[in-house]
Amino acid sequence: MAISEERNLVAQGLHDSIAQSLNFLNLQVQMLEQSLAQNQYEDVATIVPALRAGVEESYQDVRELLQNYRTRLQEGNFVQSLEVTVAKFRRQTGIEIALQADTDGAPFPREQQLQMLFIVQEALSNIRKHAGARHVQVRLHDRHDFSLSIDDDGAGFDPALVGAEDDGHIGIHIMGERARRMHATLDITSAPGNGTQVQLSLASAQRRAA
């Protein structure tokens, strides 16, 4: 059942990051064909860069998806795994990102640690693709209770518009599903022009020791 659920999450991720990109590229190719047939070369000059950007975005999505699902936690050390994830994000995007970790809690089981790491990776992926952020802050507080937050100063959005799973916000639904699987709470705070905060919380009564 766990394997089946994980495959469903992978399929949702593919739909969000790959299928939508391919649909965009397909529409651009159709527009390119029409412009060439009508000798509208000025339109071609704007479509080709959009195609190039779409291909690059799809490549980054595939690469990111493969890297995320090949993730191997450092021997029970969640903080080191976070450091690797943050460093990769900084290297690939050039966006300033900082990690603040205050931890003294008992280690989580490996499965829960993986779910937490996937949530961070999904949040950072959303920032890369949609936020246009300049600064990102990842904060981990793990003592009596556990909390993990990812803040960005990007474009933000209206959470009230995040509805059905086919509305372009599948990544948010995937993060919520991962949180539910570990009996944690996921809160997303955002507003247009005011950035976004993703916060994962787990009370001490709900945590399981490794």
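The values are calculated or read from the model by the stated rules, or taken from the named source; none is laboratory data. Owing to the predicted nature of the structure, the values given are computational and were not obtained by experimental measurement. Note that we place each Cβ from the backbone using ideal geometry, even for glycine, and neighbour counts take in every protein chain shown.
Restricting to region 79-131, name every residue that is under 21 Å from His173 (Cα atoms) and of a type in the set (Gly, Ala, Ser). Within region 79-131, Ala123, Ser125, Ala131 qualify. The lone criterion from (1) of a type outside the set (Phe, Trp, Tyr); (2) without any contact (Cβ under 8 Å) to a residue 24 or more places away in the chain; (3) within 20 Å of Leu186 (Cα to Cα) left unmet by Arg90 is number (3).
When Ala101 is tested against the conditions (1) surrounded by 14 or more Cβ atoms within 10 Å (Cβ to Cβ); (2) modelled with pLDDT of 75 or more; (3) assigned to a helix (DSSP H, G or I); (4) of a type in the set (A, V, I, L, M, F, W, C), the lone failure is (3).
Taking helices (runs of 4 or more DSSP H) as the structural unit, those lying wholly within region 1-91 and holding at least 2 residues that are crowded, with 16+ Cβ neighbours inside 10 Å, at pLDDT below 65 and of a type outside the set (S, T, N, Q) correspond to 2-14.
You will find that of Ala184, Ala191, Ala164, Ala155, the residue that is farther than 28 Å from Ile95 by Cα, in the same structural domain as Lys129 (by TED's automatic domain parsing), modelled with pLDDT of 90 or more and hydrophobic (A, V, I, L, M, F, W, C) is Ala184 and no other. Of all the numbered requirements in (1) modelled with pLDDT under 85; (2) closer than 17 Å to Ser149 by Cα; (3) not acidic (Asp, Glu), Pro109 misses one, and that requirement is (2).
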